[in-house]
Each structure stands twice: as structure tokens, then as C-alpha cells.
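The values are calculated or read from the model by the stated rules, or taken from the named source; none is laboratory data. Since this is a predicted model, take the numbers as computed values, not measurements. With ideal geometry, Cβ positions are generated from the backbone for all residues, glycine too; neighbour counts draw on all protein chains shown. Surface areas here come from the heavy atoms of the whole protein model, side chains and all, with no ligands, DNA or RNA. Shrake-Rupley method; radii C 1.70, N 1.55, O 1.52, S 1.80 Å.
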Amino acid sequence: MAAKLEYIWLDGYKPTQSLRSKTKIEKDFSGKLEDCAMWSFDGSSTEQAPGGSSDCLLKPVFICKDPERREAYLVMCEVLTADGKAHPSNGRALIDDDDNDFWFGFEQEYFLWNPETNKPLGFPVNGYPTPQGQYYCSVGAQNAFGRDIVEEHLDICLDAGLNVEGINAEVAAGQWEFQIFAKGAKEAGDQIWIARYLLERLGEKSGVAINWHCKPLGTLDWNGSGMHANFSNTALRTAGKKDVYDNICEAFRPVVKEHIEVYGADNEQRLTGKHETASIYDFSYGISDRGASIRIPLATVERGWYGYLEDRRPNSAADPYKVAARIVKTVKSADKTVEDQVAAFAESEFA
């Protein structure tokens, strides 16, 4: 029987990339990633190649069932140039985690958006709803807007085999969140992008758009949207002491600019020091502090400093591949510093 393979990739638009996809029909398809052939597309239509040399390649990297189509699969792809090299827009290729030592849990916030009113679901045509506060983890027609879409999205993500760990209504009206966890930075990004794709496609049926912008309501007193990145590696999972966590957190301080550059466009509108954020101009970390740049979960401390960290700065439109790549690089720099210190001590006269 013929199978539908939906090849999905990220275009080259700046500052925020968009999802693209097209369908390939394969006869007698095994359902395995290794049997997904390379494919090509017109990069001149996606800001990824000039018209005179427009072919770009799609390299399949992740596959799962497509629960909404018969005999169908979703295939996440990296974009390569015509000579087989990683395209400059390919954030996944930047991740240095071949052994899957890094585990990521992304908390993806978003707004369900009414294209006709250009406002979130739950907002009246004129004016605003009751101020935020009553909508977080809410229930009832006066509080929760778009639950039917959110619940269907959860079901199809689970049917696809994605590792969704939860959903909840968020602080603002029409704002929701899902959480995905994976062992391996690349797969965590793969699963977030597939889940985003499924949500976008689901919205098409009801004419509801998905607004990924980090501050779609501007300067009004409403929360923005983030994509908090919870992460760990062997060092964090087996630390057993506060010093390791301090050392890793401090490694983030001198590279704030490098992180903010890949944490999503317009983040200065969201990272104001208000609405559960730290200022974009500061760097801080603290135990159970949702107003810090990096939160050390209380559970990590209670377990004796075995656990993970949460970078609260990535925003809802950020590329999880680029976020993970930057976090991995910074944490590895801290690990290298510790290794160098241990080696230097071993060689010293005090050893």
C-alpha cells in the first residue's frame, strides 16, 4: 500500500523561521527512518537559495506516524545545500550532542489567535477581557478559550508517539502550553517542531491561527510567551553538590549576548523583569526563582543537587535546535573548566 510521507523543514526567513512541508508518496514503505530517501525543494521560494541555483536538499532525521492521515508519516528534515553540506539556516546541525548525554524538556507557550479580530481567543472585538489571573490552569467558558483545539492537539501528538508530558492553560486569556521531553538535544528539537506543525495544521480546520510571538499583546499588562528550556547532562544529574551547579550557571554569565541572539526575536519586549521574567540586560540564577534568568528547581536541591536547570529566557518563537545548541556549548565549556582545574591540581605539588 502506498504511504504518504510529509517532509517537514524550516525555511530561511529572518529573524524567525517558518515551517514548510510537502508530501511524498512511497510504495511499500517500511515506516523506518533509514528508508526515507533524500528529497529536494525550491530554495528560491523559501529564502534559502538564489533562483539560478535553487535546489536544496532535505535530509530526513526523525519520523513518526501522522495520526490525521491514512497510511501516513511525518518526517522532520534538516536542510542541506546542493553539495550536501548543512545549510546556514540549519540549526539542528549546530548541536554537539551525538551521544545524547543532554536531556531537554521544553515548555512551549503560545496563543490561540482569531485572525478576524486579530486578538487571542477570549478577547472581545472591542476592549479587553477581565485582567489576567483567572485564566491560569482554569476551567469554565468564561476562563478557558479554545480547549477543544488544545485537547485534540494533545491526542494527536500522543497518537503520533511524541513524548508530551503535559498541557495547561496559561496566565493570559487564550494562552496555552504543552511540554515535551526527550533524551537527546536533537530529538527534543525534532519533537517540538513536529508538535508545532501538528498544532498549526489543526488550527486550519477551525480557522484559528497559532501566534508564536513572545509578546503579541505588546506593552499591555499581559504575560508574554516563553519556551522555557529545562536541561541536564551527566554532570548535573550526578553532581551531588552545589558547587557544580554554581560553576555551570556562572558559565552562562559571560555569554549572555550569544544566548539572547538565538533565544527568539523581540525578546526585549518579553524579558522586562516583569511577568515572571528577568531583565534581558541582567543575568541571575536562584533556587525556585521564576524571576531569574536560570531557575534551579527546588526538587533538584531537595534531591541533594541531583537534577536539572531551567533557562527561562528562550521565547515561544525560538528555534529549539538553536537554543539547545547554545546551551550544550555553554555547559560543555563549564565541564571543560572543571576538568582543567582537576588536571591542574593533580599535577601540582599539593596533589
Subject >> Loop-resident sites, segment 27-118, for GluC sites (Glu not before Pro), counting at most 10 other Cβ within 10 Å (DSSP) >> reply: GLU116
Original post:
Counting only protein heavy atoms, what percent of the accessible surface of segment 2-92 is carbon or sulfur at a 1.4 Å probe?
Top reply: 46
**OP:** Compute the length gained on full extension between LYS4 and ASP282: take 0.36 nm times their separation in residues and subtract their Cα-Cα distance, giving the result in nm to one decimal.
**Re:** 95.3 nm
Subject >> Solvent-accessible surface (1.4 angstrom probe) belonging to LYS242, in square angstrom, nearest 10 >> reply: 100
Original post:
Near LYS274, which lysines are there with a Cα under 19 Å away, not counting those fewer than 8 places off in the same chain?
Top reply: LYS215
Original post:
Could you work out the helix-only [θ] at 222 nm for the chain, with each DSSP H run of four or more residues adding -39,500 (n - 2.57) and the total divided by the number of residues, to the nearest 500 deg cm²/dmol?
Top reply: -8000 deg cm²/dmol
**OP:** Output ³J(HN,Hα) for segment 137-148: one whole-Hz value per residue in order, computed from phi by the Karplus curve 6.51 cos²θ - 1.76 cosθ + 1.60 with θ = phi - 60°, and x for Gly and Pro.
**Re:** 6, 8, 9, x, 5, 8, 10, 10, 10, x, 4, 4
Original post:
Per residue and in Å³, how big is the convex hull formed by the alpha-carbon atoms of segment 269-334?
Top reply: 100
**OP:** Could you tell me which of the pairs LYS205/LYS322; LYS27/LYS65; LYS242/LYS322; LYS186/LYS332; LYS85/LYS186 are separated by over 23 angstrom between their Cα atoms in the structure shown?
**Re:** LYS205/LYS322; LYS242/LYS322
**OP:** Give the Debye-formula value of log10 I(q)/I(0) at each listed q (0.07, 0.08 Å⁻¹), with one equal scatterer per alpha carbon of the chain, two decimals each.
**Re:** -0.32, -0.42
**OP:** Just name one of SER232, THR272, ALA317: the one whose Cα is farthest towards the positive end of the charge dipole of segment 187-334 (beta-carbon charges, Lys/Arg +1, Asp/Glu -1).
**Re:** SER232
**OP:** Mind grabbing the base-10 log of I(q)/I(0) for segment 150-206 at q = 0.15, 0.17, 0.22, 0.30 Å⁻¹? Debye formula, identical points on the C-alpha positions, no solvent, two decimal places.
**Re:** -0.43, -0.55, -0.88, -1.31
**OP:** Give me the accessible area per residue for segment 178-277, probe 1.4 Å, as a whole number in Å².
**Re:** 38
Subject >> Area of LYS322 that stays accessible when all protein chains are in place (1.4 Å probe, Å², to 10) >> reply: 60
Subject >> Scattering curve values for segment 204-343, log₁₀ I(q)/I(0), Debye with Cα scatterers, q = 0.16 Å⁻¹ >> reply: -0.82
Original post:
Expressed as a whole number of Å, what is the distance separating the alpha-carbon centroids of segment 37-115 and segment 269-288?
Top reply: 31
Subject >> Loop chymotrypsin sites (Phe, Trp or Tyr not before Pro), segment 259-340 (other Cβ atoms within 10 Å of the site Cβ: 15 or fewer; DSSP) >> reply: TYR281
**OP:** Quick one: pull the percent of accessible area on segment 149-283 belonging to carbon and sulfur, 1.4 Å probe, ligands and nucleic acids left out.
**Re:** 49
**OP:** Could you work out, for segment 194-282, what percent of all Cα-Cα pairs fall into each 5 Å distance bin, beginning at 0 Å and stopping at the bin that holds the largest distance?
**Re:** 3, 11, 15, 16, 15, 16, 12, 7, 4, 1, 0
**OP:** Search the structure for amide H atoms under 5 Å from the amide H of GLY174, placed 1.01 Å from N in the peptide plane, and list their residues when 5 or more places away or on another chain.
**Re:** PHE145
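Once the mean 1/r over all distinct Cα pairs of segment 126-245 is inverted, what Kirkwood radius in angstroms do you read off?
On the way: mean 1/r = 0.0611 Å⁻¹.
For segment 126-245, the Kirkwood estimate is 16.4 Å.
Compute and list, largest first, the equivalent-ellipsoid semi-axes of segment 45-124 from the alpha carbon gyration tensor, each √(5λ) rounded to a whole angstrom.
30, 22, 17
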**OP:** Determine by what factor the alpha-carbon radius of gyration of segment 102-196 differs from 2.2 N^0.38 Å, reporting the quotient.
**Re:** 1.18
Subject >> Low-density loop positions, chymotrypsin sites (Phe, Trp or Tyr not before Pro), segment 125-223 - DSSP coil, at most 13 other Cβ in 10 Å >> reply: none
